[in-house]
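So the structure is just underneath, and the comments pick up after that.
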Amino acid sequence: MIRGQLPVAGPHTLTWRSIKKRAFGPEALTAYLFILPSFIGFTTFYAVPAVRAVIISFTEWNLLRAPRNIGLDNYERLLADPLFWNAMKVTGLYVLYNIPIQVVLGLFLAVAMHRLTQSMIIRGVLVLPYLVSNVVIGLAFLWILDPILGTANMLLGWFGIPRQPFIGSPDQALASIAGINIWRHMGFTALLFYAGLQSIPKSLYEAATIDGAGEGRLFLHISLPLLRPVTVFVLVTSVIGSFQIFDTIAVMTQGGPVNATRAIVWYIYENAFQFFRMGYASALSVVLFMILISITILQMRLLQGNRSDME
Amino acid sequence: MQRTLVRIPIGRIIGWLLLLALVAITVLPFYVMFKTAISGPGTLFQQARSLAPLEPTTLHFERVLGLLSPEATRAAGGTGALIDFPRALRNTVIFTVLVVFGQVFFSSMAAYAFARMRFIGKDLLFYGYLSALMIPNIVLFIPNFILIRDLGWLNTFQGMVAPFVLMTPFAVFFLRQFFLGIPISLEEAARLDGATPFGTFWRIILPISRTPLVTLGILTTITAWNEFFWPFIVARQSDVRVLTVALQSFQSSTPQGAPDWSGLMAATFLSVIPIFILLVVLGRQVIASLQFSGLK
């Protein structure tokens, strides 16, 4: 028997030598060197902070004095905090305004491009807003939606619609922000659907057309069912993204007027970086994380993952 | 015969009209930005009734770029709120270059190890990387801010790039998927010729992975160029702040009652130009990259 080998080692069992080789052999050592930079990045800025966020959420900490352990107090306080519930309501409403319109417009644009034109220029123009930073877009719309001088009210005036206050009013601010994000994302959503449509074999459409199907039927019976995996991806990522709306609010409304746009991530930001309540802000962020995980799992279940109907 | 000829175009015409309407809605805000930026000083009120630029001038671009004296800037509608555009642009370029090259290079090394090498804890570590994809930024930003503060890195480039320069879970995952598809025979041939693992990686793997590396590079460039939240938290001082942070601060320091819209729109329009150029030069590849980001 070879030294260092387990007595019953067969070809498929682990031996001391093979374990040693896997852990410390030349191949493994090379692998560790290749992984090392990313591993440092991962531990320092992902793994450790994720654990630390939970630990901080059990403390009261303003960064000036040492953190004080207060157990679950932050979580109890959160449940009784009207501003937390307001933030959840604002965020939920924002997602509800945002997602359906964005998905429908994206789907329409994708189908229109697929059936009417393959133009690269149209695709390039439609995706342009997505390539530009939210800050730039926020500033441009701050000017366009200006209640007195803005272009939006000028255009409404052409159709005889009276001036609107837009982000100046608690009733319209959130819808305005949602509108801006629909404008920004519809082209990108369309691009994803378009890529999905391109992967559907042309012969399916040809066969159906020969059978006398019109555009409406082609869409309902071929495109839509086969786009299911893309739709799941678009819904999951855009819901998760919308829940984390921040940049546009930071530039345009800072949570106001009153609390109309105080969405959850903006509220966490205020607590952490304006009031320096690190513990409370961390507790809020942990709750946000749990909500997002539940929504993702729920959506995957409801939409049955990656399978398309035709499979 | 004639009926079918008439029936089909109507649906197509409506489709085209809607499509072009949405294209127009997409372009309009960029046009308004441009129109305001090139309209002469003191025309803001007339502009509220006109879609055409009034008294066209390059004055606002010049003052935002710091080419005019303080008096001339004030005369052109400046409010004393300043944006040091060239410096902010330089900072954004430095930030973007560091993040793109660091992230793509280090992530590709890790992705190669995950795709090809055997070592203890590989699967566990890979699932760790993957699950980090699910954590919202804000959860990590609070502890990361504290770490950067404790290191004394607030308002520095190292503080700004640290969380992005060594890896992102998406970059590692994306490249690993691609490396798995490369035929292993190429590497075996290189090994027989006596190449070191790093030599194989550098001279064989990276060159044949041009397409996914460019795709990842484009996606990372766009994200880094537009990054706002993290620099906004850790680097607000005027000497290091990037364009997005500088624009936000320009806006918040302009008078609330009578904002300097001409200057703001000139600055925002200038900051979009690099994206226009990227789209014109690499249009096809940018669009392909974006489509890819959805189909991982």
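Values in this text are rule-based calculations from the coordinates and carry no lab data. Quick caveat, the model's predicted, so the values are computed rather than measured. Positions of Cβ are generated from backbone atoms using ideal geometry, with glycine treated the same way; all protein chains shown enter the neighbour counts.
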Rounded to the nearest 0.05, what FRET efficiency is calculated for A:Leu33 and A:Ser203 with R0 set to 41 Å and r the Cβ-Cβ distance?
0.25
Would you mind telling me which residue in B:Leu130, B:Leu219, B:Leu270 has the biggest mean-square fluctuation in a Gaussian network model of chain B, where springs connect alpha carbons within a distance under 10 angstrom?
B:Leu130
Once the principal axes of the Cα atoms of the range A:210-293 are found, what is the range along each, listed largest first in whole angstroms?
67, 27, 15
With Cβ to Cβ distances under 15 Å as the rule, what net charge do the other residues near B:Met160 carry (K, R +1; D, E -1)?
+3
Average beta carbon contacts from partner chains per residue of A:119-132, 10 Å cutoff:
6
³J(HN,Hα) computed for each position of the range B:40-57 - Karplus, 6.51 cos²θ - 1.76 cosθ + 1.60, integer Hz, glycine/proline x:
x, x, x, 9, 4, 6, 5, 4, 5, 10, 9, 8, 8, x, 10, 6, x, 7
Which whole-Hz couplings ³J(HN,Hα) result when phi for each residue of the range A:137-154 is put into the Karplus expression 6.51 cos²θ - 1.76 cosθ + 1.60, θ = phi - 60°, listed in order with x for Gly and Pro?
5, x, 5, 4, 6, 4, 7, 5, 8, 3, x, 9, 9, x, 5, 4, 5, 4
Between A:Thr117 and B:Arg284, what is the spin-label point distance in nm, taking each point 7 Å from the Cα along the Cα→C-beta axis?
1.9
With no solvent and one point on each alpha carbon, what is the Debye value of log10 I(q)/I(0) for the range B:87-242 at q = 0.17, 0.19 Å⁻¹?
-1.02, -1.16
Assigning unit charges at the beta carbon (Lys, Arg +1; Asp, Glu -1) and nothing else, what dipole magnitude in debye, to the nearest 20, does the protein assembly as shown show about its Cα centre?
1160
Gaussian network model of chain B, Cα within-10 Å springs - most flexible of B:Ile38, B:Ile277, B:Ile233:
B:Ile277
Taking the Cα centre of each part, how many Å lie between the range A:123-153 and the range B:131-209?
34
Under 5 Å between amide H atoms, partner at least 5 residues away or on a different chain: which partners does A:Arg277 have, H built in plane at 1.01 Å?
A:Ala272
By how many nm would the segment from A:Leu63 to A:Phe276 grow when fully extended, if each residue of separation counts as 0.36 nm and the alpha-carbon distance is taken off?
76.0 nm
Which log10 I(q)/I(0) values does the range A:76-302 give at q = 0.17 Å⁻¹ under the Debye formula, counting every alpha carbon as one identical point scatterer?
-1.22
Which whole-angstrom value gives the distance between the alpha carbon centres of the range A:194-265 and the range B:215-290?
26
What are the ³J(HN,Hα) couplings of the range B:151-168, residue after residue, when phi is run through the Karplus curve with 6.51, -1.76, 1.60 and θ = phi - 60°? Round to Hz, x for glycine and proline.
6, x, 9, 4, 6, 10, 5, 4, x, 5, 8, 3, x, 10, 7, 8, 5, 10
Taking neighbour Cβ counts within 10 Å as the exposure measure, how do B:Ser185, B:Ser131 sort from fewest upward?
B:Ser185, B:Ser131
Which of A:His221, A:His114 has the fewest other C-beta atoms within 10 Å, and how do the rest follow up to the most?
A:His221, A:His114
How far is it, in nm, from the label point at A:Ile210 to the one at B:Arg203 when both lie 7 Å from their Cα along the line to the Cβ?
5.5
What translational D, rounded to a whole number of µm²/s, comes out for chain B from Stokes-Einstein when the hydrodynamic radius is the Kirkwood one over Cα pairs, at 4 °C and 1.567 mPa s?
57
More than 37 angstrom apart: percent of Cα pairs within the protein assembly as shown:
42
